[in-house]
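Each value in this text was obtained by applying a stated rule to the coordinates, not by laboratory testing. Quantities reported herein were computed from a predicted structural model and do not represent experimental measurements. So basically every Cβ, Gly included, is an ideal-geometry build from the backbone, and we count neighbours across all protein chains shown.
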Amino acid sequence: VEDLPVIQADKSQMQQLFLNLLSNAVKFRRPNISPHIKISYQDEDIFSSDHNTHLSFQVITIEDNGIGFSQDYADKIFVPFQRLHGR
């Protein structure tokens with residue numbers, strides 16, 4: 001794990017997100033291969049023509065050497081992450 005940034009977010013939602021991602025990385029590992037999980041981040045700075053200003057983001061990436069999934073199923077996998085309400 002690299003040093004991670006301090007971000008403004010809902011603590012319990014971020015804890016649940018990281019728990020789910022790390023649990024899945026271990027659960028869906030390749031047979032007879034130790035799981036390898038890398039957590040990193042980078043600063044992103046883009047110009048937004050919609051806002052006519054530069055926007056800064058902290059992009060957190062979690063990579064693993066697990067079995068992965070077909071992109072055909074991406075919609076079914078990530079639809080549950082849609083926000084149902086603002087908090």
> For segment 43-58, what are the residues that are charged (D, E, K, R) and in a strand (DSSP E or B)?
Replying inline: 43, 44, 45
> For the subset of segment 31-56 comprising residues that are touching a Ser or Thr at 6+ places or on another chain (Cβ under 8 Å) and among the polar types (S, T, N, Q), which member is surrounded by the most Cβ atoms within 10 Å (Cβ to Cβ)?
Replying inline: 40
>> Residue under question is residue 18, and the condition is that it be within 14 Å of residue 68 (Cβ to Cβ), among the aromatic types (Phe, Trp, Tyr) and surrounded by 10 or more Cβ atoms within 10 Å (Cβ to Cβ); does it hold?
In response: no
> So which residues in segment 47-65 are touching a His at 6+ places or on another chain (Cβ under 9 Å) and under 23 Å from residue 2 (Cα atoms), if there are any at all?
Replying inline: 63, 64, 65
